[in-house]
Every structure is written in C-alpha cells, then in structure tokens.
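**Q** Before we start, here is the structure in question, set down as structure tokens.
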Amino acid sequence: MNTNKTLFIPVILGTPRQARMSEHAAKFMLEEVSRRDGVETELVDVRDIPLTTAGAGEDIKDPKFSATVMRADALVIVSPEYNHGYPGLLKHALDTNLKEYIHKAVGICGVSAGPFGGTRMIQDLLPVMRELGLVTIFWDVNFSSVQNLFDASGKLLDQSFVRRADKFLKELIWMAKVLRYGRENVPLE
Ligand SMILES: Cc1cc2nc3c(=O)[nH]c(=O)nc-3n(C[C@H](O)[C@H](O)[C@H](O)COP(=O)(O)O)c2cc1C
C-alpha cells in the first residue's frame with residue numbers, strides 16, 4: 001500500500017459573518033494542515049461559494065467547489081455554533097454535492113464564544129456527515145471562548161491548540177490514507 005501519495009485536505013470555513021472569529025480558527029487549522037509533509041490544502045470560504053437561494057442541493061452546484069471536494073481525500077470543517085446548531089449557509093453549501101464525498105474522511109472543529117467549543121454544533125453536524133457519505137473521525141477541536149484564543153490579528157494565544165490540532169490531524173490523515181486505499185483498491189461487493 002503506497003501511503004506516500006500527496007493528500008489533499010481543504011479546510012472549509014462555515015460562516016459568512018462579518019468579523020467572524022471562526023476565520024482565525026480556520027486559518028490556524030489551514031496552517032497546521034499545510035505544515036504536514038505530503039499534504040496539500042486550501043481554504044474554502046462559504047462566503048466565496050456563489051450559491052443561489054432560489055434552489056437547493058445538486059441543482060445549484062458550484063463547479064469550483066464541487067471540483068475541490070472531488071479532489072479532496074478529507075475535509076476539515078471549521079464552523080461556529082449558532083443557536084446550538086450549524087450555520088445555515090454551511091449546510092446549504094454542503095448539500096450541493098453528494099458523490100464527491102463518498103468514502104472520504106472528515107474532521108470537525110467547533111468555534112464558540114461560550115465554554116463548549118461548538119460541541120452542540122458538532123453533534124448536530126455528525127448525522128449530516130454520515131448521510132453525505134463522509135467518514136467522521138473520533139477527535140474534534142473545540143475552540144471555546146474563542147475571543148480569548150486569538151488576538152485581533154489572528155495570532156494564536158493558547159499554544160495548547162497546536163497539540164490538539166496535531167492529535168486531530170494525525171487521526172484525520174490516517175483515515176484519509178485508509179479510505180483512499182479503499183476507494184482505489186477495494187471493490188464494493
Ligand atoms: C446567530 C448567532 C448565534 C449564536 N449562538 C451561539 C450559541 O448557541 N452558543 C455559543 O456558544 N455562541 C453562540 N454565538 C456566538 C458565537 O459563538 C461567536 O460569535 C463566536 O465568535 C463564533 O462565531 P463567529 O465565527 O461568527 O465569530 C452565536 C452567534 C451568532 C451570530
């Protein structure tokens with residue numbers, strides 16, 4: 001099994017809100033992913049995906065977003081918790097693909113001003129991931145009290161998140177390699 005082929009793991013930033021703190025968390029995760037040997041990444045900002053609200057699902061696919069997901073071996077989703085759920089625009093964007101996700105890995109990072117680091121958002125997003133055909137890992141990163149974790153320029157103030165991101169990404173990369181092997185070598189009976 002050749003596990004040395006370059007992996008592509010984009011980071012999806014799940015809110016379009018002005019002054020969003022989740023952007024700091026997403027850029028931190030992007031940097032952590034890009035520091036891994038043999039992994040390419042890019043930031044996918046839901047704000048930049050041109051999607052109509054006069055439709056839903058695969059009917060309104062954005063070709064660029066779909067091509068990015070198709071190329072991906074795994075996804076990192078960084079999303080805030082809004083009223084104990086995920087942002088509607090994130091769901092609207094995720095719903096535009098289907099076959100692009102099948103048998104690929106996903107890890108979720110929650111962001112919140114409160115103390116729970118988006119755990120309720122993550123719990124709500126997990127069954128959505130399953131329905132899309134994604135395979136979730138068992139680690140999350142929880143950016144709780146996010147207003148205290150980054151300065152105004154986005155600099156990380158709590159270095160414990162480097163270790164947390166490392167644990168999360170080791171598992172995600174392992175899962176991405178295993179699933180790519182499966183996609184390429186194990187026929188569906
Ligand atoms: C519509 C809305 C709902 C929110 N609901 C919650 C919530 O349920 N729990 C929580 O901890 N923070 C909540 N927040 C605060 C966010 O956690 C806070 O804005 C944080 O910085 C992450 O979101 P951001 O990326 O939009 O900044 C909410 C914020 C908005 C705009």
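The values are calculated or read from the model by the stated rules, or taken from the named source; none is laboratory data. Everything numeric here is computed off the predicted structure, so don't read it as measured data. Glycine gets a Cβ as well: all are built from the backbone with ideal geometry, and neighbour counts include every protein chain shown. What goes into the accessible areas is simple: the full protein's heavy atoms, side chains included, and nothing from ligands, DNA or RNA. Shrake-Rupley method; radii C 1.70, N 1.55, O 1.52, S 1.80 Å.
**Q** What's the number of the condition Gly110 fails, among (1) crowded, with 18+ Cβ neighbours inside 10 Å; (2) among the small types (Gly, Ala, Ser); (3) away from the ligand (no atom under 15 Å from the Cβ)?
**A** Checking Gly110 against (1) crowded, with 18+ Cβ neighbours inside 10 Å; (2) among the small types (Gly, Ala, Ser); (3) away from the ligand (no atom under 15 Å from the Cβ), the one that fails is (3).
**Q** Now for a different question. Is it true that Gly88 is without any contact (Cβ under 8 Å) to a residue 12 or more places away in the chain and either closer than 27 Å to Asp59 by Cα or buried (at least 21 other Cβ atoms within 10 Å of the Cβ) (or both)?
**A** Considered against the rule, which asks whether it is without any contact (Cβ under 8 Å) to a residue 12 or more places away in the chain and either closer than 27 Å to Asp59 by Cα or buried (at least 21 other Cβ atoms within 10 Å of the Cβ) (or both), Gly88 comes out as yes.
**Q** Need the failing condition index for Ala152 against (1) open to solvent by 60 Å² or more (accessible area, probe 1.4 Å); (2) part of a helix (DSSP H, G or I); (3) small (Gly, Ala, Ser), just the number.
**A** The single condition Ala152 does not satisfy is (2).
**Q** Starting from residues that are in contact (Cβ under 8 Å) with a residue 40 or more places away in the chain and within 16 Å of the ligand (Cβ to nearest atom), keep the ones in the stretch 123-149 and report whichever is most open to solvent (accessible area, probe 1.4 Å).
**A** Out of the qualifying residues, it is Gln147.
**Q** Right, something else. Which residue is nearest to the ligand (Cβ to nearest atom), if the candidates are limited to the stretch 1-26 and must be outside any loop (DSSP other than H, G, I, E, B) and under 16 Å from Leu90 (Cβ atoms)?
**A** Selected residue: Ser22.
**Q** Restricting the stretch 1-26 to residues that are modelled with pLDDT of 95 or more and out of contact with any strand residue (DSSP E or B) (no Cβ under 9 Å at 6 or more places or on another chain), which is nearest to Phe161 (Cα to Cα)?
**A** Among those residues, the one meeting the criterion is Ala19.
**Q** Can you tell me which residues in the stretch 32-46 are open to solvent by 20 Å² or more (accessible area, probe 1.4 Å) and away from the ligand (no atom under 16 Å from the Cβ)?
**A** Correct list: Ser34, Arg35, Arg36, Asp37, Gly38, Glu40, Thr41, Glu42.
**Q** Looking at (1) within 17 Å of Phe150 (Cβ to Cβ); (2) more than 16 Å from the ligand (Cβ to nearest atom), can you tell me which one Met29 breaks?
**A** Evaluating Met29 over (1) within 17 Å of Phe150 (Cβ to Cβ); (2) more than 16 Å from the ligand (Cβ to nearest atom) leaves (2) as the failure.
**Q** While we're here: Only one residue in Ser145, Ser160, Ser153 is under 18 Å from Leu43 (Cα atoms) and of a type in the set (Ser, Thr, Tyr), so which one is that?
**A** Criteria check complete, one pass: Ser153.
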